[in-house]
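Asks: Here it is: the structure, laid out below.
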Amino acid sequence: MKLSIILCVYNEIRVIEKSFHELYKNCEKKQIEYEIIIIDNASTDGTKEWLESLRNEKVIKILNNKNIGKGGSIKKGINKAAGEFLIIFDPDQEYEIQSIWDCLNQLKKTDAMCVLGSRLLGERKVYKYAINYYGVIFLSKIINFLYSTNLTDTATAIKCFKSDFIKNVPLKSNGFNLDFELVCRTALLGGKIEEVSINYFPRTKKEGKKIKAFKDGIQSILVILRDRIFKI
């Protein structure tokens, strides 16, 4: 298996079918050996039922009996993945599928262990909420200072890894803060991290955006500090 793509979904019935079919068709055109791992985090809006009814040989389904958090679900996907390369991709229509291939190509041609799809490289992207925009900058600067990295968007929902590396990284977080733990622990273990510029089309809360900027930001800071102090 060449590539594993991990999708974590929770109450995304409005977009999941369109997102999945766009991803599937795109992967088929690439003629690459791949698998799509979809983890439903105990959705209550019909997303779980849609996934149960999906018939596709490229899909591996994981149905959580209770909500274990985005991070908890992604960790299940990482453990299940069989690909040489692993991509965490958020199918909420905020990110373009092309960004998957941009990250993968960068990972394959360099000695990096992780490539992030940065929303802040290149031309400035439009954000719906200023607190989210400045929060991403602030958290990334903290990581750069503490971990000697030079990154612009550690919160991105497109992260690409070499599987034999990330599968050996011990992960603890179960919430949105896993996004930062993945970056911090990769840096701590000496894994090179690179970024590529991607397009970004943010949603509002009415459109389904779930992250709580202040609460999730505090939890993320705690993870960043914890890993720096205790070094895993």
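The values are calculated or read from the model by the stated rules, or taken from the named source; none is laboratory data. This one's a predicted model, so the numbers in the text were calculated from it and none came from an experiment. Every residue, glycine as well, gets a Cβ built from its backbone with ideal geometry; the counts of neighbours run over all protein chains shown. Note: areas computed on protein heavy atoms with side chains; ligands, DNA, RNA excluded. Shrake-Rupley method; radii C 1.70, N 1.55, O 1.52, S 1.80 Å.
Asks: Quick one: Karplus J couplings for the range 12-25, per residue in order, coefficients 6.51, -1.76, 1.60, θ = phi - 60°, nearest Hz, x for Gly and Pro?
Replies: 10, 4, 5, 10, 5, 5, 4, 4, 5, 5, 5, 5, 4, 4
Asks: Something else: Taking only Cα atoms and a 10 Å spring cutoff, compute GNM fluctuations for the chain and point out the largest among Gly72, Gly191, Gly122.
Replies: Maximum among the listed residues: Gly122.
Asks: Take every Cα pair under 8 Å in the chain that's 6+ residues apart, average their separations, divide by the length, and report that relative contact order as a whole percent.
Replies: Contact order relative to length: 23 percent.
Asks: May I ask you to give the solvent-accessible area per residue for the chain, in square angstrom, as obtained with a 1.4 angstrom probe?
Replies: For the chain, the per-residue accessible area is 48 Å².
Asks: Could you compute the net charge surrounding Pro170? Neighbours are other residues with a C-beta less than 11 Å from the C-beta of Pro170; K and R count +1, D and E count -1.
Replies: That sum, taken over residues with Cβ under 11 Å, equals +2.
Asks: Running a GNM on the chain with Cα contacts under 10 Å, which residue among Phe176, Phe161, Phe214 ends up with the highest mean-square fluctuation?
Replies: In this elastic network of the chain, the residue with the biggest mean-square fluctuation among Phe176, Phe161, Phe214 is Phe214.
Asks: State, as an integer percentage, the relative contact order of the range 1-59 based on alpha-carbon contacts under 8 Å between residues 6 or more apart.
Replies: Averaging sequence separation for qualifying contacts and normalising by length gives 49 percent for the range 1-59.
Asks: Continuing with this model, one more query. Given H placed 1.01 Å from N in the peptide plane, which residues other than close sequence neighbours of Leu3 have an amide H under 5 Å from its amide H?
Replies: Amide H to amide H, under 5 Å and 5 or more residues apart or across chains, Leu3 pairs with Tyr34, Glu35, Glu84, Phe85.
Asks: A further question on this structure: How about Lys231: which aspartates and glutamates have a C-alpha closer than 20 Å to its C-alpha, ignoring those fewer than 8 places off in the same chain?
Replies: Asp179, Glu181
Asks: Whenever you get a sec, line up Leu189, Leu51 from highest to lowest accessible area (probe 1.4 Å, protein heavy atoms).
Replies: In descending accessible area the options line up as Leu189, Leu51.
Asks: Could you give the size of the charge dipole of the chain about its Cα centre, using +1 on the Cβ of each K and R and -1 on the Cβ of each D and E, expressed in debye and rounded to the nearest 20?
Replies: It comes to approximately 560 debye.
Asks: A further question follows. Longer than 24 Å from Cα to Cα, which of Lys29/Lys61; Lys80/Lys215; Lys75/Lys215; Lys76/Lys109 are they? Say none if no pair is.
Replies: From Lys29/Lys61; Lys80/Lys215; Lys75/Lys215; Lys76/Lys109, over 24 Å: Lys80/Lys215; Lys76/Lys109.
Asks: Rank by packing, highest mean first: peptides 83-90, 61-68, 220-227, 142-149, with packing defined as the count of other Cβ atoms within 10 Å averaged across residues.
Replies: 83-90, 220-227, 142-149, 61-68
Asks: Tell me whether the chain comes out rounded, prolate or oblate; compute the Cα gyration tensor, take square roots of the eigenvalues as a ≥ b ≥ c, and use a/c under 1.5 as the rounded threshold.
Replies: rounded
Asks: Which shape class, rounded, prolate or oblate, goes with the range 26-138 when its Cα gyration tensor gives a ≥ b ≥ c as root eigenvalues, a/c under 1.5 marks rounded, and past that a/b bigger than b/c marks prolate?
Replies: Oblate, because a/c is 1.5 or more while a/b does not exceed b/c.
Asks: May I pose another question? How much accessible surface does Trp101 have with a 1.4 Å probe, in Å² rounded to 10?
Replies: Rounded to the nearest 10, the figure is 10 Å².
Asks: Additional query: Name the most mobile residue of Arg55, Arg185, Arg119, meaning the one with the largest mean-square fluctuation, in a Gaussian network model of the chain with Cα contacts below 10 Å.
Replies: Residue with maximal mean-square fluctuation among Arg55, Arg185, Arg119: Arg55.
Asks: How large is ³J(HN,Hα), in whole Hz, for each residue of the range 93-103 in order, when computed from phi with the Karplus curve 6.51 cos²θ - 1.76 cosθ + 1.60 and θ = phi - 60°, using x for Gly and Pro?
Replies: Residue by residue, the range 93-103 yields 6, 7, 10, 7, 5, 4, 5, 4, 6, 4, 5 Hz.
Asks: I would also like to ask the following. Search the structure for amide H atoms under 5 Å from the amide H of Glu195, placed 1.01 Å from N in the peptide plane, and list their residues when 5 or more places away or on another chain.
Replies: Here Leu116 satisfy the definition.
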